[in-house]
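Notes for the one structure printed next.
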Amino acid sequence: MEQRIGPSIQPLQGAAADPAFVPGITGPRPDEPEESAPAPTPESEPEKAVAEEETAVAVADTAEESVAEAEELPADGPVFEAADRRARIVADARGVRLSLDEEACEFRWDEIGAVETETARFGRRFTVTVHTPDRRWYPIEIEAPARARFKEWESQLDAVLDAYFEDGESAGEDA
């Protein structure tokens, strides 16, 4: 009779070893070989030029729209901005924008249910959490150069929230 010494460890099965095991999650698509493009013909060159011109017009329109949006916003309103080497938060008339490394998200003021701040008891981490009405929250931690910046950041963020954020209580008082 065989007897094992030590812990009895079962081999990993399912999602622990293979994420594709979970139903509904699909793996990355294999790279499809690029089909060789047909040689340009004199008839296709004008079509290509028209397509490029339409793309240039669309890009110009988009740039004009973004400039127009920027002009609509009051430039003299309060702005809060804090950043470290990885994270960044900006709160202004457009809303709150969070970014961490290459990931970013933007919330308009009507999409925000609450904004919460928290400072670490020890260390230099300043946490800002954006809560949405559908009970989701998005925290971001920013490392301050010194703990003294916490009060400055709190006051700047409070000024922005007072200027642009309308919570349900003040809307109920107006009605």
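Cβ-Cβ contacts under 9 Å between residues 6 or more apart (or on different chains), taken from a first residue in segment 159-172 that is at pLDDT below 85 to a second residue that is small (G, A, S) and loosely packed, with under 15 Cβ neighbours inside 10 Å, are listed as D167/A114. The residues of segment 134-148 that are closer than 14 Å to A120 by Cβ and touching a residue at least 40 places away in the same chain (Cβ under 8 Å), listed by number, are I140, E141, I142, E143, A144. Restricting attention to segment 97-114, the residues that are out of contact with any Phe, Trp or Tyr (no Cβ under 7 Å at 6 or more places or on another chain) and either assigned to a strand (DSSP E or B) or modelled with pLDDT of 95 or more (or both) add up to 8.
Residue selection: E103 satisfies the criterion of being out of contact with any Ser or Thr (no Cβ under 6 Å at 6 or more places or on another chain) and loosely packed, with under 14 Cβ neighbours inside 10 Å. Across segment 120-130, the number of residues qualifying as closer than 17 Å to D158 by Cα and surrounded by fewer than 16 Cβ atoms within 10 Å (Cβ to Cβ) comes to 2.
Candidates are the residues of segment 86-96 that are assigned to a strand (DSSP E or B) and hydrophobic (A, V, I, L, M, F, W, C); the one that is surrounded by the most Cβ atoms within 10 Å (Cβ to Cβ) is A91.
Of the residues making up segment 148-164, just one is of a type in the set (S, T, Y) and under 16 Å from G95 (Cβ atoms), namely Y164.
Screening R136 with (1) surrounded by 15 or more Cβ atoms within 10 Å (Cβ to Cβ); (2) on the phi < 0 side of the Ramachandran plot; (3) under 22 Å from the mean Cα position of the chain (by Cα) gives one miss only, at (1).
The values are calculated or read from the model by the stated rules, or taken from the named source; none is laboratory data. Model, not experiment: these values are computed from the prediction. Note that each Cβ is placed from the backbone with ideal geometry, even for glycine, and that neighbours are counted across all protein chains shown.
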